[in-house]
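The values are calculated or read from the model by the stated rules, or taken from the named source; none is laboratory data. None of these values were measured; they are calculated from a predicted model. Virtual Cβ from ideal backbone geometry, glycine too; neighbours counted across all protein chains shown.
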Amino acid sequence: MLAAIAARIATALVTLAVVSLLVFALLSSLPGDAGDDEGPKPLPATFRAALRAQYHLDEPAVVRYGRWIADLIRGDLGTSLSSRRSVRELLGERLPVSLALNACALLVMIATAVPLGVLGAWKPGGRWDRAGLTLTTALYAVPVFWSALLLQWLFAVRLGWLPLAGIATEGATLGSLGAVADGLRHLVLPVACLAGGGLAYVTRFVRTSLVETSAGDGGRAARARGLSTLGYLWRHGLLQAGVPLLTLAGFLIPRLVGGSLLIEEIFGVPGVGSLMFESILARDIPVVLALTLISGIATLAGTTLADLLILCVDPRVRRAG
Amino acid sequence: MTSGWRLPLAAAAVCIGIAACGASPAPPPRDVRVVLYHDPSSLSLIGNTDQNSAQLASMISDGLVSYDAAGRYVPMVAKSWDLAPDGKTLTFHLREGVVWHDGQPVTAKDVAFTVAKIRDPATQAQSWAGYFADVTSLETPDDATVIVHYARTYADALEPWRAPLIPEHVAGKDSDFLTGGFARHPVGCGPFRFASYAPGQSVVLQAFNRYWEGAPKVGRIIVRIVGAERTGYEALLLGDVDLMAVTPDLWRESQSSTAGTRFARFVYYRLNAWKVDWNQTNAVPYFRDPRIRRALVLALDREKFAATVIGGLGRPAASSYPPESPWSDPSILPLPYDPVSSASLLEESGWRLPHGKRVREKDGKPFTFTLLLAAGSQEMADRIAAWMQQSLAPVGVDMKIEKVEWKTFQQRRKTHDFQAAMAGVSFDPTPDQYDLYHTSAAEGGFNYGGFSDAEVDRLLEEGRSTVDPTARHQIYNRLQQRLREVEPMAFLFQLAQPVLRDPRLEGVEASPVGLFQFAPGPRAWHWSEAGTGR
Amino acid sequence: MRASVSPVVAGGSLLGLVVLAALLAPWLTQDPAQIDLDSVLRPPSSAHLLGTDGLGRDVGARLLHGARTSLLIGFATGALSLLLGLPLGAAAGYFGGAVDSAASRLIESVMCFPGLVVAIALLSVGPPWLLALSEPVRIAIALGLIGWTPAARYMRGEFRRLRGSDAVIAARAAGAGHPRIILRHLLPRSLAPVVVSLAFGVGSAALAEAALSFVGVGISPPRASWGELLGQALHQAGRAWWLAVFPGGALFLLVLGCNRLGDGIRDRLDPIRPA
């Protein structure tokens, strides 16, 4: 078992290395780089050359990549080519914002999906089930930038209940509790938009897992004992469906560190989505690579966990395997 | 229970009464909140600066000179200057009593330090380094005098000296200028001192009470960083922003909505234009003939487009010397809308319309080209391109559109890998446009189309080395006439800057370089009523 | 089960409606590129049923022609995703073991890859043969290259199930070889998953294209696209509601139709789920 996990980690590292190499190669092959920005007057050739030399931009790509790997092994994520700040510092600013946003969205998603899933599994095909499915499918189909614009217009502009954009009210002096409350208020709309998208998937997942469990031996036995379906679901179903439910981790963990460019643009949230977009456009390779690593690690962790759990549980797979 | 509260209430009322009539301390001056659409790339005032950083820098620190509202030079930290007759030596005399935000006096050594930093590649001062390329040496015989030597006669010798000054005793301590303490907390000698920066959120500047020309009349300037123009506009409606430039679409919206009509508004023009570079290198055959370049512009009904789509907030451009430039020749007017002349010019140049076809041909090849444009937040660019395509079809020209992202666009322009390329361009108030038109500027300059004309080259060289203003005016008038004859690039529109402001905020003036980078600029802003502190 | 419209019918009808509108677009509406500077940003009226955009072009016309763009890109992307994902996912699910491991690692690598880099790269540069293709095709290739992993994973799951199904087990017990099993048992049963995958693929590709056009790196002007219309709406600050409501609504209906269709078929496939 331990050997299997070690092997998995080794392959994950190889995957990350290959992906980072490909991203590096792709970005380097695009026209332009971070050292060719123009000012209002053309720069003298020697000045331009010295500028580029600072970033080693004229060295062969292999050397530059090797340099990045060497720095990475030492724990140094490099310097941003556009803002000249350390990548670690940049990430330290943007990543917590995205984490907070995503964590809240995931909580809302789970808190809404579980009751909906239970309702659906209670009477599969029934009124609640179909209503729930329709609602979540509709939510999933709404383009996120559309809902963002509409919600923003309704709640911030028209009704004025919520702040328009940003993550904090600048210039205000609040105690730490007040600051948290202020931050949460700013996150309501972005979280609502983010949560809507994944709700369908999670609800369906919960519902299916519960239906399978309920139809299985444990469920039948409980109903034979006189327990109502709903009661069974709430008290035992979730637990027994627990392991399959945990395979949801493959879906949730990557979403924890991802950034949504659209949400960030519309709501003015300084997260990793807009950082990635700007960095690609600016050819800021160290930042793009660092962000790729982070989301890559999260994706791999999620899928590995999900796969391991599925292997333990799925009877059809075990039967066939 | 009933009578117990009357006495304290009465006492309270008396106290309030006394407080209201008595000598209450003056409330702190109100803040002004403005917007930026992007984080400043650097707070270091001169290093790695983009347009946003430059706006902030101009409030935090002064240069030796600046522009006034008409684009002429005015003394700032330098109280006077002398340019030698040969144009190669410039002597500044610094003003007394100018201090840094920490109280230390500004001296000539700081000027020398600033220049040294700008010319150091490690500072990455792309916005300023080009201006100082011709400075050979700089002397500081005493604390109040700076003598600059140029390699050649530099008629616009004052232009580099708008650069914000930085203090040697603060910035000199950093081993890495761009990431050191100064870049995190800049110290300047301008009307506002840097207070704080919350990335992605805001930059806060505080009024500097010991500013040499007098303290600003507002308390703080809070620069909110918003993602899009629309978000800024919504913030303006909600009262979170006091002053902002808007797009034509938002301007129209503000005129029709009840919330929007309460703002005071004005429109001004900056020294910029929307232009099309025609590739005249050997790669493309069409655009080497000036008649064709002229014909393509004649086919566009620019007045109508400006009146309808831009809502009157733009006008056809005539040349690279907009009317706001002190050097503009007023006799050069924008080309009219004349599709008949356009068609006949194309006929003259050999492009005939075969019977039954819609696209002109010459030697069996159709007149079809691709306009390259850059993806960005300039939504107007897409509309201009689509409109051009529709306008050129009736005169028998087939234009296609290709949109690529910014760096690709820049790279293709520089390497002349395009047929026609459309983008915005800004001009300085100085008349020297050598980098735009000279033959040598095709490699490494801004002459992306590879235009070349002997007379234009000669006039450009003469203009930048003639110091006498009258002679210069003659040269540049002749240049503008010659440019009108050959139309090297198409200057399509000048887009206006509409500005909305809280009606109680006064003293907001505009210059050809915008609301910020001139004197007095933000220093003159004030609230018309005695506001409460914010 | 109570009498109600089955999701397959509902979804299929919506999708069919959009397809029909897109196909009939040239006959139903005026020229979507026809600029009319005198009617810039007009609300819906008898002359322009859905209003006009920032250049006076009829929104209804651009909506229907935009449907063509969205569907073209949607189907092309869906097909490409299947082309890449079906063989890989099917092989992984059916053969299991080392094949599964290798395929899963490959799928994971692609999932880790930042899609935005690929999109921007393919849309701006590339070998001449790539640039010669029309823009919607280039976008479809970019989206397909990034987005084939959900199709692969879904196929992997489905073929795993099939591997363990009674029919296949019986066939194996009877001594049938792999080719025979694939031909007689798997291929017929993979039609439905393909349709499901395609349905979801079209919906998500349409959304992705709209998002790209919204942030400005998608379709070049003057081609009509729902994302481009929504992008115009963004700049209008809520005044030109018709620029947001109709394209957004159309996109919503398309994605809804695709998802319902996909859901419906997928639910029918899985015997454990009650009807």
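Table: residues versus (1) within 13 Å of another protein chain (Cβ to nearest Cβ); (2) not in a helix (DSSP H, G or I).
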site: A:26; (1), (2): yes, no
site: A:34; (1), (2): yes, yes
site: A:43; (1), (2): yes, yes
site: A:53; (1), (2): yes, no
site: A:56; (1), (2): no, yes
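Of the residues making up segment A:46-58, one or more are surrounded by fewer than 16 Cβ atoms within 10 Å (Cβ to Cβ) and acidic (Asp, Glu). Is there a residue being within 9 Å of chain A (Cβ to nearest Cβ), touching a residue at least 60 places away in the same chain (Cβ under 8 Å), hydrophobic (A, V, I, L, M, F, W, C) and in a helix (DSSP H, G or I) anywhere in segment C:261-275? For segment C:261-275, residues within 9 Å of chain A (Cβ to nearest Cβ), touching a residue at least 60 places away in the same chain (Cβ under 8 Å), hydrophobic (A, V, I, L, M, F, W, C) and in a helix (DSSP H, G or I): absent. Here is the figure for segment C:36-53: residues that are surrounded by fewer than 24 Cβ atoms within 10 Å (Cβ to Cβ), touching a residue at least 40 places away in the same chain (Cβ under 8 Å) and within 14 Å of chain B (Cβ to nearest Cβ) total 2. Figure legend. Inter-residue proximity from segment A:149-169: first residues more than 9 Å from chain B (Cβ to nearest Cβ), second residues outside any loop (DSSP other than H, G, I, E, B) and surrounded by 23 or more Cβ atoms within 10 Å (Cβ to Cβ), beta-carbon distance below 6 Å, spacing 6+ or different chains. Indicated pairs: A:151/A:189; A:162/A:189. Restricted to segment B:445-463, and to residues there that are in contact with a Ser or Thr (Cβ under 7 Å, 6 or more places away or on another chain) and closer than 14 Å to residue B:279 by Cα, the residue that is farthest from the other protein chains (Cβ to nearest Cβ) is B:452.
Looking at segment A:175-205 only, could you name the residues that are basic (Lys, Arg) and touching a Gly at 6+ places or on another chain (Cβ under 8 Å)? Within segment A:175-205, just A:204 meets the criteria. Just to confirm my filter: which helices (runs of 4 or more DSSP H) fall fully inside segment A:242-296 and include at least 3 residues that are more than 11 Å from chain B (Cβ to nearest Cβ), over 21 Å from residue C:122 (Cβ atoms) and modelled with pLDDT of 90 or more? Helices (runs of 4 or more DSSP H) meeting the threshold: none at all.
Look through segment A:73-92, keep the residues that are within 13 Å of chain B (Cβ to nearest Cβ) and surrounded by fewer than 18 Cβ atoms within 10 Å (Cβ to Cβ), and return whichever of them is nearest to residue A:257 (Cα to Cα). Across segment A:73-92, the extreme among qualifying residues is A:92. Within segment A:136-170, if we keep just the residues that are among the hydroxyl-bearing types (Ser, Thr, Tyr) and more than 22 Å from residue A:181 (Cα to Cα), the residue that is surrounded by the most Cβ atoms within 10 Å (Cβ to Cβ) turns out to be A:136.
Here residue A:101 fulfils each of the conditions (1) more than 22 Å from the chain's Cα centre (by Cα); (2) modelled with pLDDT of 90 or more apart from (1).
Within segment B:244-284, being within 14 Å of chain C (Cβ to nearest Cβ), assigned to a loop (DSSP other than H, G, I, E, B) and crowded, with 22+ Cβ neighbours inside 10 Å holds for B:246, B:247.
Residues checked against (1) touching an Asp or Glu at 6+ places or on another chain (Cβ under 8 Å); (2) crowded, with 17+ Cβ neighbours inside 10 Å:
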| site | (1), (2) |
| --- | --- |
| C:163 | no, yes |
| C:177 | no, no |
| C:180 | no, no |
| C:201 | no, yes |
| C:209 | no, yes |
| C:213 | yes, yes |
| C:221 | yes, yes |
| C:231 | yes, yes |
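Scanning segment C:63-83 for residues that are more than 30 Å from residue C:31 (Cβ to Cβ) and surrounded by fewer than 19 Cβ atoms within 10 Å (Cβ to Cβ) turns up just one, C:83.
Conditions tested, residue by residue: (1) within 27 Å of residue B:379 (Cα to Cα); (2) basic (Lys, Arg).
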| residue | (1), (2) |
| --- | --- |
| C:57 | yes, yes |
| C:63 | yes, no |
| C:79 | no, no |
| C:82 | no, no |
| C:88 | no, no |
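Of the strands (runs of 3 or more DSSP E) entirely within segment B:69-172, those holding at least 3 residues that are under 22 Å from the mean Cα position of the chain (by Cα) occupy B:73-75. In this structure, residue B:307 does not satisfy being within 31 Å of the chain's Cα centre (by Cα), on the phi < 0 side of the Ramachandran plot and not in a helix (DSSP H, G or I). Please determine whether any residue of segment B:219-228 is farther than 28 Å from residue B:519 by Cβ and within 11 Å of another protein chain (Cβ to nearest Cβ). Within segment B:219-228 (the criterion being farther than 28 Å from residue B:519 by Cβ and within 11 Å of another protein chain (Cβ to nearest Cβ)), the answer is yes, since at least one residue qualifies. Within the bounds of segment A:128-141, is there any residue that is away from chain C (no Cβ under 14 Å), among the β-branched types (Val, Ile, Thr) and more than 30 Å from residue B:196 (Cβ to Cβ)? For segment A:128-141, residues away from chain C (no Cβ under 14 Å), among the β-branched types (Val, Ile, Thr) and more than 30 Å from residue B:196 (Cβ to Cβ): absent. Whether any residue in segment B:389-407 is at negative phi, touching a helix residue (DSSP H, G or I) at 6+ places or on another chain (Cβ under 6 Å) and among the small types (Gly, Ala, Ser) is what I want to check. Checking segment B:389-407: not a single residue is at negative phi, touching a helix residue (DSSP H, G or I) at 6+ places or on another chain (Cβ under 6 Å) and among the small types (Gly, Ala, Ser). Taking (1) within 12 Å of chain A (Cβ to nearest Cβ); (2) among the hydrophobic types (A, V, I, L, M, F, W, C); (3) not in a helix (DSSP H, G or I) in turn, residue C:133 satisfies each apart from (1). Residues that are in a helix (DSSP H, G or I) and surrounded by fewer than 20 Cβ atoms within 10 Å (Cβ to Cβ) were ranked within segment B:346-378; the one that is farthest from the other protein chains (Cβ to nearest Cβ) is B:348. Checking each residue of segment C:120-128 against the condition of being assigned to a loop (DSSP other than H, G, I, E, B) and touching a Pro at 6+ places or on another chain (Cβ under 7 Å) gives at least one match. Screening C:230, C:251, C:234 for residues that are at pLDDT 85 or above and either assigned to a loop (DSSP other than H, G, I, E, B) or within 7 Å of another protein chain (Cβ to nearest Cβ) (or both) leaves exactly one candidate, C:251.
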